[in-house]
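The values are calculated or read from the model by the stated rules, or taken from the named source; none is laboratory data. Predicted model, so just to flag it, every value in this text is computed and none were measured. Counting neighbours? That spans all protein chains shown, and the Cβs are built from the backbone with ideal geometry, glycine included. The accessibility values were calculated without ligands, DNA or RNA, using every heavy atom of the protein model including side chains. Shrake-Rupley method; radii C 1.70, N 1.55, O 1.52, S 1.80 Å.
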4 protein chains.
Amino acid sequence: MSHNSFGHLFRVTTWGESHGPSIGCVVDGCPPGIWLTEADIQPWLDRRRPGQSKFTTQRQEPDQVRIQSGVFEGRTTGTPIALHIDNVDQRSKDYGPIAEAYRPGHADLTYDLKYGLRDYRGGGRSSARETACRVAAGAVARKVLGDGVRIRGALVQMGPHAIDRTRWDWDAVATNPFFSPDPEAALEWEGFLMSVRKAGSSTGAVAELWAEGVPPGLGAPIYGKLDADIAGALMSINAVKGVEIGAGFAAATLSGEENADFMHMEGDRVAFNSNHAGGILGGISTGQTVVARFAVKPTSSILTPGPSVTRAGRDTEVSTAGRHDPCVGIRAVPVGEAMLACVLADHLLRHRAQNPDAPVLPILPLPAQRT
Amino acid sequence: MSHNSFGHLFRVTTWGESHGPSIGCVVDGCPPGIWLTEADIQPWLDRRRPGQSKFTTQRQEPDQVRIQSGVFEGRTTGTPIALHIDNVDQRSKDYGPIAEAYRPGHADLTYDLKYGLRDYRGGGRSSARETACRVAAGAVARKVLGDGVRIRGALVQMGPHAIDRTRWDWDAVATNPFFSPDPEAALEWEGFLMSVRKAGSSTGAVAELWAEGVPPGLGAPIYGKLDADIAGALMSINAVKGVEIGAGFAAATLSGEENADFMHMEGDRVAFNSNHAGGILGGISTGQTVVARFAVKPTSSILTPGPSVTRAGRDTEVSTAGRHDPCVGIRAVPVGEAMLACVLADHLLRHRAQNPDAPVLPILPLPAQRT
Amino acid sequence: MSHNSFGHLFRVTTWGESHGPSIGCVVDGCPPGIWLTEADIQPWLDRRRPGQSKFTTQRQEPDQVRIQSGVFEGRTTGTPIALHIDNVDQRSKDYGPIAEAYRPGHADLTYDLKYGLRDYRGGGRSSARETACRVAAGAVARKVLGDGVRIRGALVQMGPHAIDRTRWDWDAVATNPFFSPDPEAALEWEGFLMSVRKAGSSTGAVAELWAEGVPPGLGAPIYGKLDADIAGALMSINAVKGVEIGAGFAAATLSGEENADFMHMEGDRVAFNSNHAGGILGGISTGQTVVARFAVKPTSSILTPGPSVTRAGRDTEVSTAGRHDPCVGIRAVPVGEAMLACVLADHLLRHRAQNPDAPVLPILPLPAQRT
Amino acid sequence: MSHNSFGHLFRVTTWGESHGPSIGCVVDGCPPGIWLTEADIQPWLDRRRPGQSKFTTQRQEPDQVRIQSGVFEGRTTGTPIALHIDNVDQRSKDYGPIAEAYRPGHADLTYDLKYGLRDYRGGGRSSARETACRVAAGAVARKVLGDGVRIRGALVQMGPHAIDRTRWDWDAVATNPFFSPDPEAALEWEGFLMSVRKAGSSTGAVAELWAEGVPPGLGAPIYGKLDADIAGALMSINAVKGVEIGAGFAAATLSGEENADFMHMEGDRVAFNSNHAGGILGGISTGQTVVARFAVKPTSSILTPGPSVTRAGRDTEVSTAGRHDPCVGIRAVPVGEAMLACVLADHLLRHRAQNPDAPVLPILPLPAQRT
């Protein structure tokens, strides 16, 4: 069972609420002997950290991670790794309205429906603050995967504005506050997002993830499929409403010949002519780049007032002032990377459990391709 | 762990290959006292059964289900329900080529990469034949959910041809061989698919699922989210490359106001003004109709020859003659329904385990709306 | 969740009732490439099979196993292995009394209390017939463990009559109908059990299991301890009421010095001076022989009438005529071996998932010792 | 998977080492709306806390628990409850010898064999310090079970000295430092344990647990048996080598008539004439008192020097000075209670998931009886 745990052999359990004293996670099943310090985790947390540009919430959280267990003399011991992050900037606030009125698009109503009560301060458990724990766990997962596997993410669409894929430049991602691989799109988004914020509105986005160097053979035939686990992992991120692997929904429009990733030999290795499959066939990695995308809905917290209801069953109007990202899709990029890293680390362990001497036929991976 | 099992409390384990003596599943955790006979399961299997129109494979499989355990005097006993289906039409065939050459888009290569060997007859374990077991389990899941929950599916796009949603008519679904809710689209698809088949090609599709009457409160906050489990379940179906909940990828293009499902009171119940969320907020069902869509890639088996490689590492050309669906998306509709039913049954049991006395605030569900 | 499943990576799911058409199991997670035919499984089933001596039930079941999936051209493929056994000798019988009256010591009452109904024919799901599936799965587990691991069981006590451990002879086990390693005890038991049977009574027993050649490092620190999993596995066998590892309850009477398994070097390997730990320290295998014992209560089905109650809440008297083992502990020996094999196979896979390059210090195992 | 997690629906994950900054656990799946404060947990921790009598280790740990999440305004919210305990008295010490030499009976060797490295300070993860987390989780489990279920434990044997069961007095348990229900035995043990300690030795013990008021129907037929889960849970406690349910190993010596728990009606309820079954039939609770016992080996840390080996493969001699319990069985009593509480809470949730409207026939429980 897994209300708050994720993965099987590389297993992450998170806990904590937006306005409690701290949040954290337990990473169980990590192989021993891996060099790991807080400095390996912090940079990934810093990428997700709020308050870094005018386009994200101004809540000031240092998100300083502390390793509480599972590491000895700088190396993992194979026992559970507890990672803690203190909540620092729980601005004192009158939660009266939020306690009574259900914010549209938020989990306020459904938590009450499920549990009969909820921690309403800042969204409680449903706050995106929880995703810091995912990023911390993802940093450990990256260490498990090793340097041969490279996981990167980018924002490829903001509201109706998609990037131009011919301008894709991974180096550009770190140079703008949107993780955009297209510098020109970043400029466009800057203006767009300013106007969205001024209008007291918000916008959705689409992010894309690449995992290069994934060994072939990860995944399992039926209910342990690599793509199924990736889909579940990404859909579990706050505000995500859609997930694609490889060509995704576009594959529906293609003919069999167009969609086929034909193969040929390059020397003694297999090469694919394209990567519509997104690096996964029959639920198992091919050795090509694993490509996934996910859609993030616009931030539900908006200044524009809208009709809603109260806990007591009265009509009301809600507008959410406060510290919010106008586009939560931006900070979802490092979270998506982390979830992909966790899924891959889990499947790496699962694979070698069943198939310690696996591969037979070497694969030559081509760069990820969209169409 | 779950290579071949699915669900937690309502748990399905499937087994069997395309050309073995039989296939089947074990449904564990089913509540006791439910009236269940083979006649409750067979109709759902018949909907998925091949050979029913000229637009699906001509393999003749009666798919007759036999209950082997877990039912006594017509009612479930709470012990595991074993459901068996004999493979009947394993046409004798020379598997030499398929054993040696990797069919593009199929799992031939990846099974070899993962396991070092594979049952190559008809795709072995990776054959869509396995989905019959999902449908059988889904029939049991429907009984668990009871008559109050109605799960239906339809094909909303074939290749580039989408339905006109204003013509949506659930009654039409049973009147054409495509599960189309739009009779005019069905006519169009008939011509399109004939030409695809004649060209030795194949096409992709998009299916949509509705679950009406889902009680509020199903799901769990973080890694047990209802939408995350639905996404994983649908992505685990053969050939699926994308999954959406509610507005899905379209949500990315919307503003916060457009995407918000505002609420108001109707008498003493809560009503939503729209359903972009697809019936799920914060991973928990709202009581609105749960809406999901999934994209199916074009059938990988095509007559058109294309370049590939052999097990021995030589270049070759592959064209897949034989009995294949030109659009596997069609028969994926009942499979998607079954997976959704299984996810909901599992979450119903999970919910009442933790929250036996749950709901506090009644919800008035509106019909599902796209936008 | 695991009502009817067992193990994590080497995962067994069983199904079937005493008087249904068939019983069976699904073995998931078995590594690929292992040579496996029905002939590898049948001998183990034959050892457990009823009707082989006058000291076991006369129900005639050939217990012929059929592999339905997961094996191709004689080798496992890594996909689920379905094993089926037909029920043959469901003697027609009037179940009226058993349907109404609760047999003391049986699960009749508790199944009704839990589920509100039950398959009362021959005990239904609670029948020891289910253990045939465990033995079949255990045969696969032995193949996973390989020839280097040898798992054997023996009966060391029947009623109040224990063996003389100084006469322990593994070769004797196959030469008497009791799996006794002490031929003289076997003779004594023969007379004792005849008198028990004539008296319409039954008797309990204690069985002991040895697993030699278990690699060091299997198990996990806290809740995945090898001994904890063995204890749960053995206690899950019908009629078992106690489980010991190594010195077991006798350890409670010892001093620290007496109980310590001191170590010394033999060449470049570590040797233990004794094996009170039963081959497990801190939940992890040492490389010594794993030793476990379990106590089986006397068969609950006895001819002697005793007071009980009916389903309708009336006092009654029950005496169970029919085909029963006077000492179910005998046939529990092969079942115990199978469960131990399954636990070890599961932990072998779990271990190499986390620690593929594990051992550092070689261990020289000594023969298993009691004190 | 569950290296460091325990339970399915009431799920506990622990983390932390003996000499790290803190230890803790995450309790997931706890029903919402339960009143819970640190004051509900602390008393149970205090019972287990070291340094309370001269018969336990003198390590001074306040074991002050802090709730970090999952509780809001005094009540559980249904989200994960993180419980933290700081390590305070990590006495500075030269760990050189312990880092190099393997202490007999400890997990030093096996951790190195499994992981290739270990946190050797105070036993690291294998330290009994981890059991504080179990006790904290058990306190939450007791709240889930409610006041109707009473779980108590007692020490019934120390070394070779068993209590006289005719003197059993639950009130006595709190009046002596051994949790003995027999005041005279407590006096005897005091002298015995003083001499053991003076001799630099240690001794084993047997503990007994009672759970009164357990609802009938908890457990599941085959691999989810209540007794199997109890056996695994108790065997997972440090130093435990044997587990019994009800009559346990003594059942092996009985005849069917002696062991049978005959039944009769008392008014409109069922009563048992005895409780050899320990409150469990067919893996399912009967409504009688659940009775379990477990054997604890003598503390492995003894002053008496004994032969061992070093990490480098040399013969050496080890004697463990320091702060140790001469009889770890004493403090295992509250740990055993906690584990039993966790198992029962988990099965309560599992039961109502599958059987929300379960019971049909009321049961009148008799007090637990041994023979």
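Scan the range C:46-65 and tell me whether some residue there is at the interface with chain B (Cβ under 10 Å from one of its Cβ atoms) and either of a type outside the set (A, V, I, L, M, F, W, C) or over 16 Å from C:Glu130 (Cβ atoms) (or both).
no
Restricting attention to the range D:39-70, which residues are within 27 Å of B:Pro221 (Cβ to Cβ) and in contact with a strand residue (DSSP E or B) (Cβ under 8 Å, 6 or more places away or on another chain)?
Answer for the range D:39-70, where residues must be within 27 Å of B:Pro221 (Cβ to Cβ) and in contact with a strand residue (DSSP E or B) (Cβ under 8 Å, 6 or more places away or on another chain): D:Ile41, D:Val65, D:Arg66, D:Ile67, D:Gln68, D:Ser69, D:Gly70.
For a quick check of your reading of the model, give me the residue pairs whose first member lies in the range B:322-341 and is more than 13 Å from B:Val156 (Cβ to Cβ), whose second is in a helix (DSSP H, G or I) and open to solvent by 10 Å² or more (accessible area, probe 1.4 Å), with beta-carbon atoms closer than 6 Å and at least 6 apart or on different chains.
Here the result reads B:Pro326/B:Val196; B:Pro326/B:Arg197; B:Pro334/B:Arg47; B:Ala341/B:Arg142, each pair linking the range B:322-341 to a residue that is in a helix (DSSP H, G or I) and open to solvent by 10 Å² or more (accessible area, probe 1.4 Å).
Restricting to the range D:117-131, and then to whatever is on the phi > 0 side of the Ramachandran plot and crowded, with 24+ Cβ neighbours inside 10 Å, can you tell me which residue is farthest from the other protein chains (Cβ to nearest Cβ)?
The selected residue is D:Gly123.
Does B:Leu109 satisfy being surrounded by 22 or more Cβ atoms within 10 Å (Cβ to Cβ) and assigned to a helix (DSSP H, G or I)?
It is true that B:Leu109 is surrounded by 22 or more Cβ atoms within 10 Å (Cβ to Cβ) and assigned to a helix (DSSP H, G or I).
Hey, can you tell me all the residues within the range A:310-319 that are at the interface with chain B (Cβ under 10 Å from one of its Cβ atoms), touching a residue at least 12 places away in the same chain (Cβ under 8 Å) and surrounded by fewer than 24 Cβ atoms within 10 Å (Cβ to Cβ)?
Matches in the range A:310-319: A:Thr310, A:Arg311, A:Ala312, A:Thr316, A:Glu317.
Every residue, every condition in (1) among the acidic types (Asp, Glu); (2) within 21 Å of the chain's Cα centre (by Cα); (3) farther than 22 Å from D:Phe72 by Cα, yes or no:
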| position | (1), (2), (3) |
| --- | --- |
| A:Gly16 | no, yes, no |
| A:Pro31 | no, no, yes |
| A:Thr37 | no, no, yes |
| A:Gly78 | no, no, yes |
| A:Tyr95 | no, no, no |
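Filter the range C:78-106 down to the residues that are of a type in the set (Ser, Thr, Tyr) and open to solvent by 20 Å² or more (accessible area, probe 1.4 Å) and list them by number.
C:Ser92, C:Tyr95
C:Asp119: in contact (Cβ under 8 Å) with a residue 24 or more places away in the chain and either polar (S, T, N, Q) or not in a helix (DSSP H, G or I) (or both), yes or no?
yes
Is it true that some residue in the range B:259-266 is over 16 Å from A:Ala239 (Cβ atoms), in contact with a helix residue (DSSP H, G or I) (Cβ under 6 Å, 6 or more places away or on another chain), touching a residue at least 12 places away in the same chain (Cβ under 8 Å) and of a type in the set (Asp, Glu)?
No, there is no match, as no residue in the range B:259-266 is over 16 Å from A:Ala239 (Cβ atoms), in contact with a helix residue (DSSP H, G or I) (Cβ under 6 Å, 6 or more places away or on another chain), touching a residue at least 12 places away in the same chain (Cβ under 8 Å) and of a type in the set (Asp, Glu).
May I ask you to say which residue of D:Ala338, D:Ala345 is at pLDDT 95 or above and over 30 Å from D:Gln58 (Cβ atoms)?
D:Ala345
Conditions: (1) within 11 Å of chain D (Cβ to nearest Cβ); (2) basic (Lys, Arg); (3) over 26 Å from B:Ile34 (Cβ atoms). C:Arg75 meets all but one. Number of the miss?
The number of the failed condition is (1).
Restricting to the range B:249-278, give me the number of residues that are touching a Gly at 6+ places or on another chain (Cβ under 7 Å) and of a type in the set (A, V, I, L, M).
So the answer is 6.
What strands (runs of 3 or more DSSP E), lying completely within the range B:1-77, carry at least 1 residues that are open to solvent by 40 Å² or more (accessible area, probe 1.4 Å)?
B:65-67
Across the range A:284-309, which residue is farthest from the other protein chains (Cβ to nearest Cβ) among those that are farther than 27 Å from B:Leu254 by Cβ and of a type in the set (Ser, Thr, Tyr)?
Ranking the qualifying residues of the range A:284-309, first place goes to A:Thr289.
When you go through (1) within 18 Å of B:Thr57 (Cα to Cα); (2) open to solvent by less than 30 Å² (accessible area, probe 1.4 Å) one by one for B:Ala139, which number turns out not to apply?
(1)
Among the residues of the range A:78-92, are any without any contact (Cβ under 8 Å) to a residue 24 or more places away in the chain, closer than 30 Å to A:Ala312 by Cα and more than 11 Å from every other protein chain (Cβ to nearest Cβ)?
Yes, the conditions are met somewhere in the range A:78-92.
Quick one: what pairs do we get from the range B:268-280, first residue closer than 15 Å to A:Ala107 by Cβ, second assigned to a strand (DSSP E or B) and small (Gly, Ala, Ser), C-beta under 8 Å, 6+ apart or different chains?
Here the result reads B:Gly278/B:Ala292; B:Gly279/B:Ala211; B:Gly279/B:Ser285; B:Ile280/B:Gly219, each pair linking the range B:268-280 to a residue that is assigned to a strand (DSSP E or B) and small (Gly, Ala, Ser).
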